[in-house]
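The values are calculated or read from the model by the stated rules, or taken from the named source; none is laboratory data. Bear in mind the structure is a predicted one, so any value in this text is a computation, not a measurement. So basically every Cβ, Gly included, is an ideal-geometry build from the backbone, and we count neighbours across all protein chains shown.
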Amino acid sequence: MRTDGDSWDIVTSVGLTALGVATFRALETLDPEPMIHDDFAAWFVEAAGEPHFQQILGEPASAGSGGLFGRFMGVRTRFFDEFFAAAWQQGVRQAVILASGLDARAYRLDWPAGMVVYEIDQPRVLEFKDGVLAEHGAVATADRRALAVDLRDDWPAALTTAGFDPGRPAAWSAEGLLPFLPGSAHDALFERIDGLSEPGSCMAADDFGRGMDQRHFDMEEKFFGPNPFGNLNVHDLWYDDARAEPGDWLSRHDWSVHRVSPFDLAATYGRPITDLPSDLPAELLDRLQQAAYISAEKHR
Ligand SMILES: C[S@@+](CC[C@H](N)C(=O)[O-])C[C@H]1O[C@@H](n2cnc3c(N)ncnc32)[C@H](O)[C@@H]1O
């Protein structure tokens with residue numbers, strides 16, 4: 001399904017996954033006790049006109065296993081929101097959102113004065129996003145600089161040309177990204193982040209999908225209901241070639257690493273996930289519990 005240098009728009013291939021996660025952020029925003037507020041997400045779903053996600057937004061009950069998936073998206077979004085807030089409270093004034101997709105943090109977070117937020121994603125994804133935001137007259141709450149560049153290419157050159165200062169600490173996020181990169185680009189991503197990070201920089205990533213194969217996806221569908229992404233098999237878009245383990249790699253390169261499970265975070269956020277099917281196979285439960293959010297700080 002994937003090829004070197006492949007590209008997509010917002011309704012195809014990896015681009016469609018950005019629309020999918022935006023749909024579940026929109027649903028979580030509509031929850032009576034939402035973990036997050038993303039009022040921009042629904043704009044993107046409406047503008048894209050993709051039937052499966054439009055239907056979910058119009059009829060949340062049709063989301064199937066998306067109900068649970070949506071809760072995980074709420075947890076994930078809040079984790080990254082809090083990560084950026086902690087960074088700016090430490091005085092960091094440049095953020096890099098890698099694979100930004102339809103992430104509207106540059107518009108919805110209360111960034112401090114002087115904050116520059118870089119977003120990196122593929123050209124047609126950013127073109128769609130910018131068009132929708134412009135149509136709605138959205139105004140960024142930071143100095144947003146969107147860079148249309150592939151993360152398998154020389155993105156550090158584009159970033160520094162756009163004004164990123166490697167001499168000052170930065171906050172980096174890689175949310176919903178890692179399995180979509182081939183192993184070489186995945187490992188280069190961490191090396192490049194490290195090379196561009198002054199002490200005091202921080203990064204956050206979700207470490208998911210490793211060791212998940214088609215059997216796990218089939219089990220998920222059996223126990224949780226229809227695929228939240230409709231006919232799109234996300235597993236077909238992932239690479240499962242060899243790659244570094246992100247937490248280990250960062251620890252070995254002078255980053256202090258913290259891992260937290262989405263289950264623990266959900267409980268912290270007051271929405272514990274207590275309704276997993278009791279007959280869930282141990283193997284699948286184990287996989288789900290291995291997913292983690294990583295935050296790391298560079299100490300020298
Ligand atoms: C699941 S979406 C996550 C988007 C966003 N981080 C969020 O959580 O809403 C995956 C994103 O990764 C981007 N992506 C994947 N591989 C990429 C690459 N090689 N270069 C640039 N963007 C990439 C896709 O375009 C898409 O926006």
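Scanning region 3-23 for residues that are in contact with a Phe, Trp or Tyr (Cβ under 6 Å, 6 or more places away or on another chain) and either not in a helix (DSSP H, G or I) or not aliphatic (A, V, I, L, M) (or both) turns up I10, G15, G20, T23.
Among the numbered conditions (1) buried (at least 22 other Cβ atoms within 10 Å of the Cβ); (2) farther than 15 Å from L30 by Cβ, the only one that A85 does not meet is (1). Looking only at region 243-300, residues that are polar (S, T, N, Q) and in a loop (DSSP other than H, G, I, E, B) come to 3 in all.
Taken together, T77, T141 contain a single residue that is hydroxyl-bearing (S, T, Y) and more than 14 Å from the ligand (Cβ to nearest atom), which is T141.
Evaluation of M219 against the conditions (1) more than 22 Å from F84 (Cβ to Cβ); (2) out of contact with any helix residue (DSSP H, G or I) (no Cβ under 6 Å at 6 or more places or on another chain); (3) not hydroxyl-bearing (S, T, Y) shows that the sole unmet condition is (2).
Restricting the first member to region 159-181 and to residues that are at pLDDT 95 or above and among the polar types (S, T, N, Q), and the second to residues that are more than 9 Å from the ligand (Cβ to nearest atom) and assigned to a loop (DSSP other than H, G, I, E, B), the beta-carbon pairs closer than 9 Å and six or more apart or on different chains are T160/P166; T160/L196. Quick one: D110 ticks every box in (1) in a helix (DSSP H, G or I); (2) away from the ligand (no atom under 11 Å from the Cβ) except a single one, so which number is it? Unmet for D110, out of (1) in a helix (DSSP H, G or I); (2) away from the ligand (no atom under 11 Å from the Cβ): (1). Apart from one condition, L196 fits all of (1) over 18 Å from the mean Cα position of the chain (by Cα); (2) buried (at least 16 other Cβ atoms within 10 Å of the Cβ); (3) within 16 Å of the ligand (Cβ to nearest atom); (4) without any contact (Cβ under 8 Å) to a residue 60 or more places away in the chain; the exception is (3).
Each residue in region 27-38 was checked for being more than 10 Å from the ligand (Cβ to nearest atom) and either modelled with pLDDT of 95 or more or in contact with a strand residue (DSSP E or B) (Cβ under 6 Å, 6 or more places away or on another chain) (or both), and 2 pass. Within 10 Å of the ligand (Cβ to nearest atom), in contact with a strand residue (DSSP E or B) (Cβ under 8 Å, 6 or more places away or on another chain) and either among the charged types (D, E, K, R) or in a helix (DSSP H, G or I) (or both): does that describe D153? Here the answer is no, as D153 does not meet what is asked.
P272 falls short of the stated requirement of being buried (at least 18 other Cβ atoms within 10 Å of the Cβ) and either in contact with a helix residue (DSSP H, G or I) (Cβ under 8 Å, 6 or more places away or on another chain) or of a type in the set (A, V, I, L, M, F, W, C) (or both).
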